[in-house]
1. Which one of GLY228, GLY93, GLY158 has the biggest mean-square fluctuation once the chain is modelled by GNM with Cα springs under 10 Å?
2. Can you tell me the orientation of helix 180-200 relative to the chain, as the angle in degrees between its alpha-carbon axis and the longest Cα principal axis, to the nearest 10?
3. Hey, which lysines would be in cross-link range of LYS217, C-alpha to C-alpha under 23 Å, not counting anything within fewer than 8 residues on its own chain?
4. How large is the charge dipole for the chain, taken about the Cα centre, if only the Cβ atoms of Lys, Arg (+1) and Asp, Glu (-1) carry charge, to the nearest 20 debye?
5. Quick check: the angle from helix 213-226's long axis to the longest principal axis of the chain, C-alpha only, nearest 10 degrees?
6. Roughly how tilted is helix 19-31, in degrees to the nearest 10 and between 0 and 90, from the longest Cα axis of the chain?
7. For the chain, what does -39500 (n - 2.57) per DSSP helix run (n ≥ 4), summed and divided by total residues, give at 222 nm, in deg cm²/dmol to the nearest 500?
8. What are the radius of gyration and Dmax of the chain, computed over its Cα atoms and given in Å?
Amino acid sequence: MIAVNDTDTKHMFDNRYGTGQSTLDAIFRATNQLLAGKVLVVAGFGYCGKGVAERAKGLGADVVVTEIDPTKALDALMQGYRVMPMYDAAKIGDVFITVTGNRDVLRSEHFSLMKDGAILANSGHFDIEIDVAWLEKYATKKNSRIRHQTDEYVLSDGRRILLVAEGRLVNLGAAEGHPAAVMDMSFSDQALTAEYLVKEAKNLTPGVHNVPTEIDKEVARLKLQSMGSEIDTLTPAQVEYLNSWEHGS
């Protein structure tokens, strides 16, 4: 088995640029909200979270990041985002987007603190990142499809929570998923890796292998070429310098 999902030209681009754009596309289609001036909470700062946060920031949102990994949280803070626990973010957020790959990221203790009209969406995993089961059980009223793929849950105190795409992957449930112009890299990785596996399977030990660097770099090179860009190449002296310990101090 080869972990195509972990290679750079898949997760660095598909997750960041594909998820980043298609997630906000879904929010727009479903709610027609203006993000400028809104507090948008991104749960998780992996490649998907980075993509969502970057695009939301570019649209004028005040982006808050929640994390459980101190390194990723520090990265978010140094990129200019506010970082805080979800318990605190729940009190101030207008839009919440989960991109963690875990469960119960937004749950009852957070729902109880949210503003009236808070918008919830998931773009990371199955429909358990947001505790939809709790909303279904404890909301006093549910108004289905008040807008495109948007359900309204009325809580006991009258506050309304809007859930987009039933808590499922919002970019697929309320929009069209990633643009073809970023999926082409993922599919190229898969196709070239399948070819490699057919040719090299007899030389591989059983287990999970990484995509060969040569395939990853070739996909990036072809993508650059298709977009009309070129890059430099190393001179022989530069290659010697990089591969030697005898030069420099």
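Read-outs throughout are calculated quantities, based only on the coordinates presented, and are distinct from any laboratory measurement. Note that the structure is a prediction, hence the values are computed from the model and not measured. So basically every Cβ, Gly included, is an ideal-geometry build from the backbone, and we count neighbours across all protein chains shown.
1. Maximum fluctuation in the GNM of the chain, among the listed residues, is at GLY228.
2. 50 degrees
3. LYS10, LYS50, LYS199
4. In debye, rounded to 20, the chain gives about 1020.
5. Between helix and principal axis, roughly 80 degrees.
6. For helix 19-31, the angle is close to 20 degrees.
7. My calculation for the chain gives -11500 deg cm²/dmol from helical runs alone.
8. 21.6, 74
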